[in-house]
Amino acid sequence: MRPVHLGVVGLGRMGRYHASNIAGRLPGLRLAGVADTDAQLAREVAAELETGAHTSLESLLAVPDLEAVVIASPTPYHVSMIEETAAAGKHVFCEKPIALDVAATQRAVAAADAAGVKLQIGFHRRFDPDWAEAKRRIAQGDLGDVLLFRTSLRDKQVPPLEFLTTSGGLFQDVTVHDLDTARWLVGEVTEVSSVGAAIADPRIADLDDVDHAIVTLRFASGAIGVIDNSRAAGYGYECSTEVVGSRAAIRIGNHRRAHCEWLTPGASSVDWVVDFRERYPHAYMAELEAFAACISSDTATEPSGADGLAALVLAQACEESLRMKHVVRVVAPNGG
Ligand SMILES: NC(=O)c1ccc[n+]([C@@H]2O[C@H](COP(=O)([O-])OP(=O)(O)OC[C@H]3O[C@@H](n4cnc5c(N)ncnc54)[C@H](O)[C@@H]3O)[C@@H](O)[C@H]2O)c1
């Protein structure tokens, strides 16, 4: 298969990681250029990855042979960048969330549709081998009726303040991953209820945000679920899930870098990952490979713009539940 030529815009925590995956680890992809408003950063990343440096999306879009753009800029820029990229006839891989409001998200999805370009959203967990296996077993009925969903997503430490100010808050930034996983594994969610607290970092309270939250879910199928999130679980990064069915349950943990156990008198220990990049090296590569394969074979992307929209609607329902202190009923935007 011929390689697909991708550019990356936004070279912070996520964009730099995507760019180096494309440049060094994925034979079906070529890095056609990188862009960041920080010119020095763009030059540094471009030099390291032997590609062209740009300081705007506009300049990146003018690169000959460019077929698609990975958007990893701060969330408030996503919609205009999707629109600009789609208008240039290039496919889009956009980091989550697409936007922080529903109308803007719908506009971005419509722009990609109207231009006839692919749009894939960065819900990477769908590409992790453990979650993919869970999905496969649930879909083929191995669990029987799904009764209970439980997931935890905890970051080791609070991200930088500049990131927090544009992140959209805990539910839209963090819980949105779990809400996508819930929909993907169990089906549409019809009701959410949430509690939250800003107890780990006073800067988060100042932003009128929370750093810990618990969300309960009711699915259209009748199953129920619970999500817990932390921005400051000092022991490490945790992303674990259980799905309990009438015949079997599946449990996903795996937080180790290596699979050896350290034994000392009276105690044993194992190591533990510190962040999402350590936990998901395969998923972040696989999501881009899948995106490139959809471009090459002209097939539909997954997770799609509609999945991004559905997860955002749920995240906003969690926010409303927190603020209003009541259960929020949700109508899936896709009619699901
Ligand atoms: N899928 C995941 O697991 C995951 C993890 C972290 C972040 N994210 C998402 O990725 C996106 C970026 O997050 P991050 O943590 O990498 O942010 P970051 O703050 O580390 O990096 C953002 C970069 O974008 C650059 N930038 C800002 N405005 C720009 C513009 N107009 N044009 C070009 N570059 C611009 C900044 O200079 C910076 O280098 C966010 O939407 C976030 O929600 C996803």
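Sub-7 Å Cβ pairs linking a first residue in the range 10-21 that is more than 6 Å from the ligand (Cβ to nearest atom) to a second residue that is assigned to a loop (DSSP other than H, G, I, E, B) and open to solvent by less than 10 Å² (accessible area, probe 1.4 Å), at least 6 apart or interchain, are Ala19/Leu11, ordered by first then second residue. Within the set Val34, Val92, Val4, the sole residue that is within 10 Å of the ligand (Cβ to nearest atom), open to solvent by less than 10 Å² (accessible area, probe 1.4 Å) and touching a residue at least 24 places away in the same chain (Cβ under 8 Å) turns out to be Val34.
Could you tell me whether Thr301 is polar (S, T, N, Q), open to solvent by less than 60 Å² (accessible area, probe 1.4 Å) and at pLDDT 95 or above? Yes; evaluated as a whole, the condition is true for this residue. You will find that of Val186, Val195, Val210, the residue that is over 21 Å from the mean Cα position of the chain (by Cα) and open to solvent by 10 Å² or more (accessible area, probe 1.4 Å) is Val195 and no other. Residues of the range 116-136 include none that is modelled with pLDDT of 95 or more, under 22 Å from Asp173 (Cα atoms), of a type in the set (Lys, Arg) and in contact with a Gly (Cβ under 6 Å, 6 or more places away or on another chain). Per the listing Gly236, Gly253, Gly168, the residue uniquely open to solvent by less than 20 Å² (accessible area, probe 1.4 Å), within 22 Å of the chain's Cα centre (by Cα) and in contact (Cβ under 8 Å) with a residue 12 or more places away in the chain is Gly236. Can you confirm whether Lys156 is on the phi < 0 side of the Ramachandran plot, within 16 Å of the ligand (Cβ to nearest atom) and touching a Phe, Trp or Tyr at 6+ places or on another chain (Cβ under 8 Å)? Yes, satisfied. Counting only residues that are of a type in the set (D, E, K, R), more than 16 Å from the ligand (Cβ to nearest atom) and within 24 Å of Ile214 (Cα to Cα), the range 121-153 holds 2 of them. Scanning the range 49-60 for residues that are without any contact (Cβ under 8 Å) to a residue 24 or more places away in the chain and more than 9 Å from the ligand (Cβ to nearest atom) gives Gly52, Ala53.
For (1) closer than 22 Å to Ser297 by Cα; (2) in contact with a Ser or Thr (Cβ under 8 Å, 6 or more places away or on another chain), each residue gets a yes or a no:
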| position | (1), (2) |
| --- | --- |
| Ser20 | no, no |
| Ala23 | yes, yes |
| Gly33 | no, yes |
| Ala39 | no, yes |
| Ala47 | no, no |
| Thr51 | no, no |
| Thr55 | no, yes |
| Leu60 | no, no |
| Asp65 | yes, no |
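Please verify whether Ala306 is assigned to a loop (DSSP other than H, G, I, E, B), away from the ligand (no atom under 16 Å from the Cβ) and not hydroxyl-bearing (Ser, Thr, Tyr), treating the condition exactly as stated. For Ala306, the condition - assigned to a loop (DSSP other than H, G, I, E, B), away from the ligand (no atom under 16 Å from the Cβ) and not hydroxyl-bearing (Ser, Thr, Tyr) - is not met.
When Thr165, Thr175 are checked against the criterion of being within 23 Å of Leu288 (Cα to Cα), within 15 Å of the ligand (Cβ to nearest atom), polar (S, T, N, Q) and part of a helix (DSSP H, G or I), Thr175 stands alone in meeting it. Within the range 202-224, can one find any residue that is within 16 Å of the ligand (Cβ to nearest atom), touching a helix residue (DSSP H, G or I) at 6+ places or on another chain (Cβ under 9 Å), of a type in the set (Asp, Glu) and outside any loop (DSSP other than H, G, I, E, B)? Within the range 202-224 (the criterion being within 16 Å of the ligand (Cβ to nearest atom), touching a helix residue (DSSP H, G or I) at 6+ places or on another chain (Cβ under 9 Å), of a type in the set (Asp, Glu) and outside any loop (DSSP other than H, G, I, E, B)), the answer is no, since none of the residues qualifies. Here the range 267-285 is the region considered, the condition is being touching a residue at least 12 places away in the same chain (Cβ under 8 Å), assigned to a helix (DSSP H, G or I) and open to solvent by 30 Å² or more (accessible area, probe 1.4 Å), and the residue that is nearest to Ala19 (Cα to Cα) is Met285. Restricted to the range 61-89, and to residues there that are part of a helix (DSSP H, G or I) and near the ligand (Cβ under 9 Å from one of its atoms), the residue that is surrounded by the fewest Cβ atoms within 10 Å (Cβ to Cβ) is Pro76.
The values are calculated or read from the model by the stated rules, or taken from the named source; none is laboratory data. On a predicted model such as this, the values are computed, not experimentally measured, just so you know. Note that we place each Cβ from the backbone using ideal geometry, even for glycine, and neighbour counts take in every protein chain shown. Note: areas computed on protein heavy atoms with side chains; ligands, DNA, RNA excluded. Shrake-Rupley method; radii C 1.70, N 1.55, O 1.52, S 1.80 Å.
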